[in-house]
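Below: one structure, written as structure tokens.
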Amino acid sequence: MELVPDTSHLDPVVLELGQLFADAGYELSLVGGPVRDLFLGRSSPDLDFTTNATPEQILAVARKWADSHWEMGRAFGTIGFRKRNRNKDVLLIEVTTYRAEAYDSDSRKPAVAFGASLEDDLARRDFSVNAMALRLPDLVLVDPYGGAVDLAAGLLRTPGTPQSSFSDDPLRMMRAARFAAQLGFAVHPDVRAAMTDMAARIGIISAERVRDELVKLVCGANPRAGIDLLVETGLAELVLPEIPALKLETDEHHRHKDVYQHSVQVLEQAAALETGPGGPVPGPDFVLRFAALMHDVGKPRTRRFEPGGAVSFRHHDLLGAKLTAKRMKALRFDNDSIKAVSRLVELHMRFYGYGEAGWTDSAVRRYVTDAGPLLERLHRLTRSDVTTRNQRKAERLSFAYDDLEQRIAVLAEREELDAIRPDLDGGAIMALLNLKPGPVVGRAYKFLLEMRMENGPLGADAAASALRAWWAGQPEARVPDAAVQPDAMVPRSAADQPGHN
């Protein structure tokens, strides 16, 4: 069966632009992902076009028509435009001169050569499903490589040989895994074989480009399929080596589960717990998903076979957080994402033991405070980390976490738990003890924060009395000037305290 593109999803802006180019004597075609999405009954706010016009001619045709434009890709033949449609939605448009590009064997940058025809341009596309075009403005489908047939079959093939395609742009191997995750496509055996044989070539691609593909993969509808493909072809060894390292050899007594299979199952389960746009963790949520994938990466280095026959992974959560941060830095992730994901990995074991021993209110407060804005993600990561086939154990853990969440809700309602701070801030501490900004103020703040954690809200008067009693036992109380450092900053929140993440 062959699919048919649903052109009713085309924004009228597409036809307007096509007519502009036709009136100017140039060819213009919608190409790539937007055409593929028409077959799938979807519309795209990002529109890619190809033309026989040069960048200078592209600008001459469309500059006045568009609301704005950019020329950052001009050296590669690409001019970008922004255009509001009739609904006032902003469409992002890129128009590129017919081209062919290839990587030198040792270079990360493509050598660009402009092509002569639409067919030549389609030949350099990554996969057949993306090598289709709609000629504008008459909407004639151009599909020289059977993309519509492959789309109907859910199959990824390359227009030419996969070896040639991946040599031209090795990032296409990552894209194959990404499309497996996003669209649920199978990968043609020839493509899989070429990915395996040429995996090392991914090394010439910048970390930023690899990162962007990885994010799209992890946020796909079926991220496990993409991760499995990276691992099976050897690409993961080069871009995310901590994941294939989870394939620990099981001992003859099978005393521990397959950590890799457990991790990808946790990833699936975490994705299933994401919420809609109005919920606390709208999906797809990269931070939650990547933390789920990476949560056990500390296990290979911490595995120990105990004398009694058990297997332990002591402190794998702490080591895993460090390994996760190191890998994300290598992939050029932003600092906020690195901190969030590694913090979740660090905290993912905190819950265990709650069901057996129970926690004081103080322990619950610390759990919430340490999680901070990641609490809702931590809830989902912790629940997802249960993959045991022992139904009674799974139910017991689920019940225990239900109980913990209920206690958090009760305490939050009573104490505004999401913003725990001492009953006195830095300014009040300095005024009460006649101090100037400096380390002593930080110690006093920390003392009050500990009291708040242990006892809940004290009120300003009780906190002041406790602070005076604490201050009476400090050496600085007898030498007031010793701690004065006028240029030091006064901590205003728990996040300012040393060691608080």
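As I understand it, the value is the acute angle between the Cα axis of helix 12-23 and the longest principal axis of the Cα atoms of the chain; what does it come to in degrees, rounded to 10? Roughly 40 degrees between the two axes. Most tightly packed first, judged by the mean number of other beta-carbon atoms within 10 Å of their residues, the peptides 307-316, 362-371, 284-293, 429-438 read 284-293, 362-371, 429-438, 307-316. Its Cα gyration tensor gives segment 324-472 an equivalent ellipsoid. The semi-axes, each the square root of 5 times an eigenvalue, are 34, 22, 11 Å from largest down. Taking Lys and Arg as +1 and Asp and Glu as -1, the other residues whose beta-carbon sits under 9 Å from that of Ala291 total +3. Could you tell me how many degrees, from 0 to 90 and to the nearest 10, lie between the Cα long axis of helix 375-384 and the main elongation axis, the longest principal axis, of the Cα atoms of the chain? That helix lies at roughly 80 degrees to the long axis.
As an exercise, find the ratio Rg/Rh for segment 1-153 from alpha-carbon atoms, using the Kirkwood inverse-distance average for Rh.
When Rh is taken as the Kirkwood radius, the ratio is 0.96.
Charged side chains reduced to their Cβ positions (Lys and Arg at +1, Asp and Glu at -1) give the chain a dipole of some 1220 debye around its Cα centre. What is the distance in Å between the Cα centroid of segment 13-55 and that of segment 132-202? A separation of 20 Å, based on Cα centres. Computed from the C-beta positions of Arg304 and Asn455, the FRET efficiency with R₀ = 35 Å rounds to 0.35.
Seen against the Cα atoms of the chain and their longest principal axis, helix 439-455 is set at about 90 degrees. Restricted to Cα atoms, segment 217-358 shows a radius of gyration and a Dmax of 15.6, 51 angstrom.
Its alpha carbons give segment 400-474 an Rg and a Dmax of 14.6, 47 Å. Taking Cβ atoms as reference points and 15 Å as the exclusive limit, the residues near Val140 contribute a net charge of -3, counting Lys and Arg as +1 and Asp and Glu as -1. Size descriptors for segment 156-240: radius of gyration and Dmax over Cα atoms are 11.3, 29 Å. Among Val35, Val281, the order by Cβ neighbours within 10 angstrom, fewest to most, reads Val281, Val35.
Dividing the convex hull volume of the alpha carbon atoms of segment 20-94 by its residue count gives 98 Å³ per residue. Cross-link pairs exceeding 23 Å between alpha carbons, from the set Lys216/Lys299; Lys299/Lys339; Lys64/Lys88; Lys247/Lys322; Lys329/Lys446; Lys326/Lys446: Lys216/Lys299; Lys329/Lys446; Lys326/Lys446. Normalised Debye scattering of the chain at q = 0.09, 0.10 Å⁻¹ gives log10 I(q)/I(0) of -0.81, -0.92, counting only Cα atoms as equal scatterers and leaving out solvent. Within the same chain, lysines fewer than 8 places from Lys393 are excluded, and of the rest, those with a Cα less than 18 Å from its Cα are Lys257. Among 455-462, 136-143, 377-384, sorting by the average number of other beta carbon atoms lying within 10 angstrom of each residue, highest first, gives 377-384, 136-143, 455-462.
Bear in mind these aren't lab numbers, they're just calculated from the coordinates by the rules spelled out. The shown structure was predicted, so the numbers you read here are calculated from the model rather than taken from an experiment. Don't worry about glycine lacking a Cβ; one is built from the backbone with ideal geometry, like all the others, and counts go over all protein chains shown.
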